[in-house]
1. Check whether at least one residue in segment 290-312 is buried (at least 23 other Cβ atoms within 10 Å of the Cβ), in contact with a helix residue (DSSP H, G or I) (Cβ under 9 Å, 6 or more places away or on another chain) and in a helix (DSSP H, G or I), and report yes or no.
2. Tell me whether segment 485-508 contains one or more residues that are surrounded by 13 or more Cβ atoms within 10 Å (Cβ to Cβ), more than 28 Å from Asp619 (Cβ to Cβ) and free of Cβ contacts under 8 Å to residues at least 12 places away in the same chain.
3. I need a count of the residues in segment 250-279 that are of a type outside the set (A, V, I, L, M), closer than 18 Å to Asn231 by Cβ and buried (at least 18 other Cβ atoms within 10 Å of the Cβ).
4. Looking at the structure I just gave you, is Leu636 within 43 Å of the chain's Cα centre (by Cα) and at pLDDT 90 or above?
5. Pull up segment 254-273, narrow it to residues that are free of Cβ contacts under 8 Å to residues at least 40 places away in the same chain and in a helix (DSSP H, G or I), then point me to the one that is nearest to Glu55 (Cα to Cα).
Amino acid sequence: MQLEWAKHIEGNVLIVSPLSVAEQTVEEGKKFDVELKYCRSQEEIEGKITITNYEMLDHFNPEFFTGVVLDESSILKSFTGKIRAEIINKFKNTKFKLACTATPAPNDYMELGNHAEFLNVMTRTEMLSMYFINDCETTQKWRLKGHAETEYWKWLCSWAVMLREPADLGYNNGEFVLPELRYHHIVVKTDKRLDGELFIKEAQSLQERQNARKITIIDRVNKTSELTNNNNDTWLIWCNLNEESSLIKKHVNNCFEISGSDTREYKKDTMIGFSHGNVTRLVTKPKIAGFGMNWQHCNKIIYVGLSDSYEEFYQSVRRCWRFGQKKPVDVYIITADIEGAVLKNIKRKDEDAKKMAENMVKNMCDINKANIKESILEENQYTPSVYRGDGFTLYHGDCVEEMKNIKDNSIHYSIFSPPFADLYTYSNSERDMGNSRNENEFFEHFRFLIKELYRVIIPGRLVSFHCMDLPTSKYKDGFIGIKDFSGDLIRAFQKEGFIYHSKVVIWKDPLIAAVRTKAIGLMHKQLCKDSALSRQGLPDYLITMRKPGENPEPINNGDGFTEYHGEKEIAGVGVKFSHNIWRSYASPVWMDINASDTLQKESAREDKDEKHICPLQLDVIKRGLQLWSSKGDIILSPFAGIGSEGVISLQEDRKFIGIELKESYFKQAKINLLNAKKQLVLF
């Protein structure tokens, strides 16, 4: 497939592969009438298609090539590896790129991100920001956001294909059917004890397993020679320790050994010799020859030692068990009885990998078929609607577009909580303003809303938005710190003509935030480890902006009188502010907001929702309305959610206009607003 792809590229193509695979690929090219040459440097290039190995990459000028192929591209999964960075940078401007790997890990998002970055599709950090969330106990683990799942697979299929056989793409398998793979587990009994142990016991930890392998080498080598020396079969023997390898060479008849210290020429000649049948017994390590070689002529494999690396096991088995193999493949796994659960771990990983591959093919199958057969993929349908109730109007649709239905200078006050520049946390709609790949893209979209807000707000009146500053992470931003999101919002409003009016801090419990977010800056253990990274919790803000001009309808809240409820002075419905109430509302920090006082949200919450539907507390909405609007005023929320701002508006004897994109939220908002109106009529 690599050679066929290279044939169709206009211009020079470089194929980069592991050692010895290069010369084997040259031989494969002859079968398919594809001319290519193995070269070690730029000066040796003769024809259109050149193949080299990764170790020689520095000897080539990437500008010379129109196309590049990475054979065994899993090398890119090295997260901070020098080779990974070198490959991505070297071929950044290469027009055509192909990356091929037999073991893409569907759950190894770093590897997939590296491939996307190599292909100039998207950087690794952009991919993580767009489709994944890091809410696990360790910062190394990322999971796919619920709302992003469908869009993620669509995105992946736009630049990648996963297939195990032609049937995965809807074709007949023909001769592409693998023979039976037969595993034989041989347990060698031993009377040896682990270091420091009085009794014979099974290894539990990785260190104990390594110790068990070392002290049982002779027993396992003897079993290997017993299997191989009584027949003339071709055998491929895999080991993990140098001592295993050297002893196998001595005890197995006609056995050739490839070790890490051997010269490049010897490694290459011995591997090619095994391919041609000149070498019939070969012992080496998976990390030396486990990737890329075609050894379908061999159907007998022995693991004289087994590591915990599933990728090494998967790849090394498939040197022989691959398309072109005509016989059943027998895999003998020799372990000592004290080695513990190493084989069990490999089998578990094998089952997990099968499930993940099945899931990957299942998710990508229909999209890939459509791409290959040039079908037209269905797009999300956008069908806005409107519901008009007693005292409120609720739009279902895109807030920027639906606000065009609102007259100029007609809104008395707007209060809302915007998306926090995060992706696929509320919906998977391309119209969801939160579905931007980075903050710059978010603000580019958000400015359209600010322009509409400026148009519809009455001169001299106000817009309040609830927000917080955002923590950064090493994976998404390259550093641990805080983004001035609240300041960015203020500056975005100022750019469109609004005046910065006020900012109130809403206190939040740092202990609750630490438990919920796992932020290291809030952890007590970080204080003990290195308090240079310790910080205060992040409060909420209610920021208010004012449209320039004279307010034609003054809000009279100044003729204060006091109403008592028990011993507590309150500002109730239609109650003017007393001096004491005004003093608490005018405070730059609101310490008494009840964080749990929100509308019920479970009925609108969908299975794949990532965030709470109503982060804006009802107390905050109520204070905003009482401060900056009058009875009968029209209140606007462009992100209505399940109707929190609308419910309080109706309770405070105001009219309400809300806009919500997500259908489940819109339906719940409608129910909540109708119920609020019924309660007002009842009482």
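1. no
2. No, there is no match, as no residue in segment 485-508 is surrounded by 13 or more Cβ atoms within 10 Å (Cβ to Cβ), more than 28 Å from Asp619 (Cβ to Cβ) and free of Cβ contacts under 8 Å to residues at least 12 places away in the same chain.
3. Selection size over segment 250-279: 3.
4. Yes; evaluated as a whole, the condition is true for this residue.
5. Among those that are free of Cβ contacts under 8 Å to residues at least 40 places away in the same chain and in a helix (DSSP H, G or I), it is Glu265.
For (1) under 26 Å from Asn114 (Cα atoms); (2) within 30 Å of the chain's Cα centre (by Cα), each residue gets a yes or a no:
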| position | (1), (2) |
| --- | --- |
| Val26 | no, no |
| Glu35 | no, no |
| Glu55 | yes, no |
| His59 | yes, no |
| Thr66 | yes, no |
| Glu72 | yes, yes |
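Yes/no matrix, rows are residues, columns are (1) modelled with pLDDT of 95 or more; (2) closer than 22 Å to Lys214 by Cα; (3) touching a Lys or Arg at 6+ places or on another chain (Cβ under 9 Å):
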position	(1), (2), (3)
Lys250	no, yes, no
Asn254	no, no, yes
Gly260	no, yes, yes
Thr263	no, no, no
Gly273	no, no, no
Asn278	no, no, no
Leu282	yes, yes, no
Ile288	no, yes, yes
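Okay, residues lined up against (1) at pLDDT below 80; (2) part of a loop (DSSP other than H, G, I, E, B); (3) surrounded by fewer than 12 Cβ atoms within 10 Å (Cβ to Cβ):
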| site | (1), (2), (3) |
| --- | --- |
| Pro548 | no, yes, yes |
| Pro554 | no, yes, yes |
| Gly574 | yes, yes, yes |
| Ser584 | no, no, no |
| Glu610 | yes, yes, no |
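The values are calculated or read from the model by the stated rules, or taken from the named source; none is laboratory data. This structure is a prediction, so every number in the text was calculated from the model and none was measured. Using ideal geometry, Cβ is built from the backbone for each residue, glycine included, and neighbour counts are taken over all protein chains shown.
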